[in-house]
Every structure is written in C-alpha cells, then in structure tokens.
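The values are calculated or read from the model by the stated rules, or taken from the named source; none is laboratory data. The model shown is predicted, which means the values in this text are computed figures rather than measured ones. All Cβ positions, glycine included, derive from the backbone under ideal geometry; neighbour counts span all protein chains shown. These area figures cover heavy atoms from the full protein model, side chains too; ligands, DNA and RNA do not enter into them. Shrake-Rupley method; radii C 1.70, N 1.55, O 1.52, S 1.80 Å.
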Amino acid sequence: MAKHVGGLLRAWTIFCYALGSLVALAVALQLWFFAHIAYWSFANPASTAFMNRTLEKPGARLRHSWAPYGRISPHLKRAVIAAEDAKFLAHEGFDWEAIHKAMLKNEQKGRVVAGASTITQQLAKNLFLSSQRSWARKAQEAAITWMMERTMSKRRILELYLNFAEWGEGVFGAEAAARHHFGRQSCPVRDATSAAAPRLTSSSAPAPSSPAWEAFISPDARLELEDLQQSLREVQQSLAEKRDPAALRARLDALHPADVAYILEALPPDERLALWDLVKADRDGEILIEVSDAVRESLIEAMDSKELVAAAETLEADELADIAADLPPAVIAEVVQALPAEERERLRAALSFPEGSVGALMDFDHVSVREDVTLEAVTRYLRRLDELPDHTDQLFVVDRDRRLRGTLPLPRLIVSDLDLEVTRAMVPESVRLSPQDPAEEAANAFERYDLVSAAVVDADARLIGRLTVDAVVDYIRARSAESQLAEAGLREPEDVFAPVLDSFKNRWAWLAVNLVTAFIASRVISMFEDSIAELVALAALMPIVAGIGGNSGNQTTTMIVRALALGQIQAPYWSRLVAKEIGVALLNGVVWGTLLGLIAYAFYGNVALGGVMALAMMLNLMLAAMMGVAIPLARERFGRDPALGSSVLITACTDSGGFFIFLGLATLFLV
C-alpha cells in the first residue's frame, strides 16, 4: 500500500513538474512575443514569418521595400481600411460583430467559408505565425493581437501592415506592390491605383469603379489628422530651414483649403504670415472661409485692399457674407459694386439676416424644376449642367411663381418611369424652413429627420435657397466650441498664439468674478476659525464636501444647458425637473455621504464627525442640484447665454455653501 501511494506521489510530482514546465515555456514564449512587439513599436522589423516561409520555396524571389507612414498615399490607407477592416479605428483588435456574423454564415454552410480577421489580427499572423488554420494558431494570434493593441498605436499597426502585407506572390509591402504592379511609388498612388491595391490582398474588396471607392479616389480627398500633423511638421521644418519657397508653395497647392487653414491655425504669427505669403492669390478667399475668426483677422490685417478685393471676388454671395464682418467697409463696398446684379441682391439678402438664423447659413445654389414637366425633361436639364451643387440629394419642385410644391429625391428620379410628370413622382410633404428660423431649431430638424438638405422659403412660400448639412455641422461645431469656452468663462474663441494683452482681455472678467467668489468662501471659513482650531480634522475634510458638491452641480448645469439648447425644457415642467434633480442629489447624498462618513470615522475614530460629514454631503449635493437648475434658467430668462460662466457660479455656490453647511453642523454638534 505504501509503495502504491509513493508511486502515485512520484507520478503526481512528475506531472506537476511537467505542467509547470509547460506553463513556464508558454509564459516565456509570450514574453518573447511581447519583447518583439515592444521593440517593433518604434523599430522596423527586418523580416516576418510569412517572408521567411516564402524564401523557403524553391526559386522564390522576395520583393520588399519599407515606406514610412507619411509617404504612403492617404487614398491607399483609406482604401485598405475600407476593404479589410472598416471598424479598424473603433475596435481594440477584434470585431466581435463581424465574428458573430462569420460564425452564423459558417454554421449555415457547414464549413468555414467566411472569416472576420481584423488588420491587427492579420498583422499578428504575418509577423509571427503561419497561414495554417488551427485552434492553437488562432489562440496565439488572439494573444498577440491583444498585446499589439495595448502596446502600439493604430497608426503604427497600420504602418506595419501596409509594409508587410503580401500584395501578390512574393511581393510584401505597399512600396514594393506599387512598383511591381503599377510601376510607381506608393506615395503618389491614387485614383484607380489605390482602389485596385486592396484587391491584391482581399478578394472581397469592391471593384475600383464601385461607389465604395469614390471617397478614396477623389482628388479633393481630405487628409487624415495624422497626415495633417505630418504635413504641419514638414511645413514648420521648411520654414525654419528656409528651404526652397517654390517647393513649399507647390505642397500647399496640393492641399485642400481646409487643410491649409488647419496648418495656418497651428503656426505662430510670424511663421503663419510667412506661409500665407506663399499661398496663391486665387486661393486666398477659399482659405479665409475655412480659418477661425481670430486667425482670419490676423491674415486680413496683413493684406492690402487690392489683395482683399481680389480674394473676396472669388467667393460666392453666401460665402462672402460669412466673412463680411471681418473685411474693411471700403473693401465690401468695392466688391459689392463689382458683383453682378443677382449676386449683389443675394449678398444683401444674406447680410440682412441676423447671426444664428437659417438665413445666415443658407446656400443660394440649388436646383429647382417645374411640377408640370416630365422626368425625362428633368434628366435632360440636369445633363446640361456642368455639375450639381454640393450636397444635392433632392430637387425642389416649384410652380410658375416659384412657390415650393414639394421635393424630388434623386433616388426616386433614377428609378421612376421617365414618362411620369414631376407632380406624380415628387414628395409633397417636405421639411421647409424660414430664413428667420433659429439655426438651432434647423439643426434639431436635420438631426431628427436625417436631412442632407432642406428648402428655405419666404413668407409667401417662394423658394429662396436651401440649407445643407455641411452648414449645419459647421454651426453645431461652432456652437459646441462656444459653449465649452463659455463654461470656462471665456467671452469668445481666441487664437492660441494671440498677443498676451488680447488673451488677457478675453479672460479677465470671469477671473475677477472667481476672485470675488473665492474671497466670499474664505470669509465663510473665517467665521468658524474657533471651531477649526478646536477640531483640526474639519480643515482636512471640508474641501471634500465642497469639491463633490461642485462636481455634482456642474453635472446638473451641463445637462440643463444642453436641454435648453435643444428646446427640451418647457416652463410648466420646471418644478418637476427641480424635484427630479433634488431626488438624484438626495440619493447621491445618502450613498456617498454614508461612505465618506464611514471613511471619516475610520480615520478619526469619531462617530459624530462621520455623521456630520454624511449630513453635510447630502445637504450640499441638494444645494448643488438646486443651483445647477436655477443658474442656467436665470441666465436664459435674462437673455444671456446659459453656459457662460455657469461652472464658475456653481462652484462658488457649492464652495461657500458647502463650507458653511459642514462647518456650521460641526459647530452645532461637535464643538
């Protein structure tokens, strides 16, 4: 019996050692993978597992050349992401939705017919593993993917993938593929070339002529943020080293006006003006439209009257109205005189509408058709146009007096019988806006109904223009930026490189208010100097009460300001809203007050102090809730921006109130 037990123990010991050795070996292997990943996050690999296996084949020839991320065409990057892993920037290495769909499809077919590997998973396989399918390889691939996503940036992962993906037999990397298949470098690859490249790595990629590629092959395609930052660094280096101005001018000519504006905004004033001098005169107007108001003012100050007139004359009426306030009156007068009569009337109409109204945002360019013509006549009319206005998703149907009768969506025009009259194919009930409508209401309508464009009509229902989604998005972004600045107490957006005095003027007002409120809070504390001297723990605990109250109040204020902006709060429901916020504050006060009370008791061993802490927390949170509702409401009632300085005011109330409540209760019950 003893020998039998001894044998079992020896076997168990051997098994444990073997299992431990396997575990240690597995951990060492994962550490080896991780060390390579960490090193390759900043260094370029010399080769990959796939490349080494290719070289093992008889007569194999390897083509590979490294191309830095900044030199690879942005069109190619977008095309590869769209074809291989559309959610590349959103997931953390695994597209679980795609995996679920692939599993269902494979289950229906009874065999593996679909996969759901992301770019990161494919890169993990290319760098370290083989193409053979097995559960062990998939498990290791998942582990490497997890390590790469937490060690490397998305940019680095995409850079490695583009340089080591196999783009044909023995052809690795975008640079080698561009030279081998298209006879050019990967930097200028674009248009049909960039659309065709993903097909070399993925059989499921769309054909180059399909609509899915149109965004990538457009010559006006915008740069990614990382590409913009790379362009900015190169421009800064060129300016610092005073390189050939002609080369820098050529680089600027290749950029979209919005991208040039981004670079100008990111440069200090002297470098900004030096770069502005290199911009072609015929592009000044379209770039002035794109830059921020503060930067536009500095650029206009550096231009003489002739340059300003020349720039303004390249703009359409609605665009000119956007920057008219920044231009000298003499320049506006000269430009207006040079405009055709129709454009002059459009400009005067656009300038007549107040800022923040639909009329100030609307576009006069649109396509309208009569209701009594056939769809065939409409298509013939459209073919005679050079191009459709941007964001044209529908045609506006009018009668002989240009009164809006409905809309004709382009998809309906395409699929309907051409012999039909417009009146039978149009949508009679459509969203229509007035030029006097607030832009916020129009933005809500665009969000609610998923609009791309909407008609703008006058009091007699005559069509005068349209509002497009790009103008609405610009307005929403501007309002969001203004709200963020207002919450911090800034009166208006400012140039990050603005002169010190200008920045001081923009910030001093609410800093002065904050100084006054801080002084009031200090006087509240001074009222309880004797209590603090007797129980020093009060000095350590009172900032907690005030800080939590301030955070809670800012949460309430933010929610109320947003609801006011969306028009979701009506007067009859204010009492219900206040009651709801007090209820939330009461629940938070009970939960967090109890927790802080227990912590205070644990630190100081005083049950009464813990109770005072809990009660003070609950009362201050209730005060924060009431002030968080009252401050935005009061500012809105007096015609002020509810967001402007709200955080300063709510913090003042919760600081002074929190100190008074906590120290007052401590004086009553503890001292």
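Hey, among the residues in the stretch 237-276 that are part of a loop (DSSP other than H, G, I, E, B) and among the hydrophobic types (A, V, I, L, M, F, W, C), which one's least open to solvent (accessible area, probe 1.4 Å)? Checked the stretch 237-276; the qualifying residue least open to solvent (accessible area, probe 1.4 Å) is LEU267. I want to confirm something. Restricting to the stretch 525-540 and keeping residues that are in contact (Cβ under 8 Å) with a residue 40 or more places away in the chain and charged (D, E, K, R), which single residue is surrounded by the fewest Cβ atoms within 10 Å (Cβ to Cβ)? For the stretch 525-540, the residue satisfying everything is ASP530. Yes or no: the stretch 627-641 includes at least one residue that is farther than 25 Å from ILE525 by Cβ, among the acidic types (Asp, Glu) and either free of Cβ contacts under 8 Å to residues at least 60 places away in the same chain or in a helix (DSSP H, G or I) (or both). Yes, the stretch 627-641 has at least one match.
Selection over the stretch 55-102 of residues that are open to solvent by 50 Å² or more (accessible area, probe 1.4 Å), outside any loop (DSSP other than H, G, I, E, B) and without any contact (Cβ under 8 Å) to a residue 24 or more places away in the chain gives a count of 5. Of the residues screened, ARG348 is not one that is assigned to a helix (DSSP H, G or I), within 18 Å of HIS366 (Cα to Cα), free of Cβ contacts under 8 Å to residues at least 60 places away in the same chain and open to solvent by 20 Å² or more (accessible area, probe 1.4 Å). Just one residue in the set PRO493, PRO435 is in contact with a Gly (Cβ under 6 Å, 6 or more places away or on another chain) and surrounded by 16 or more Cβ atoms within 10 Å (Cβ to Cβ); that residue is PRO435.
Scanning the stretch 536-581 for residues that are touching a Leu at 6+ places or on another chain (Cβ under 8 Å) and outside any helix (DSSP H, G or I) turns up just one, ILE569. Every condition in (1) out of contact with any strand residue (DSSP E or B) (no Cβ under 7 Å at 6 or more places or on another chain); (2) open to solvent by less than 70 Å² (accessible area, probe 1.4 Å); (3) modelled with pLDDT of 60 or more is met by ALA176 except one, and the failing one is (1). If you take the residues in the stretch 278-317 that are of a type in the set (Ser, Thr, Tyr) and in contact (Cβ under 8 Å) with a residue 40 or more places away in the chain, which one is surrounded by the fewest Cβ atoms within 10 Å (Cβ to Cβ)? It comes out as SER292. Put simply, of LEU587, LEU621 the only residue that is over 30 Å from PRO438 (Cα atoms), touching a residue at least 40 places away in the same chain (Cβ under 8 Å) and part of a helix (DSSP H, G or I) is LEU621. Here the helices (runs of 4 or more DSSP H) wholly within the stretch 352-449 that include at least 2 residues being under 13 Å from THR468 (Cα atoms), at pLDDT 90 or above and not charged (D, E, K, R) are 358-361, 439-449. Looking at ILE289, ILE263, just one residue is at pLDDT 85 or above and under 28 Å from ARG156 (Cβ atoms), and that residue is ILE263.
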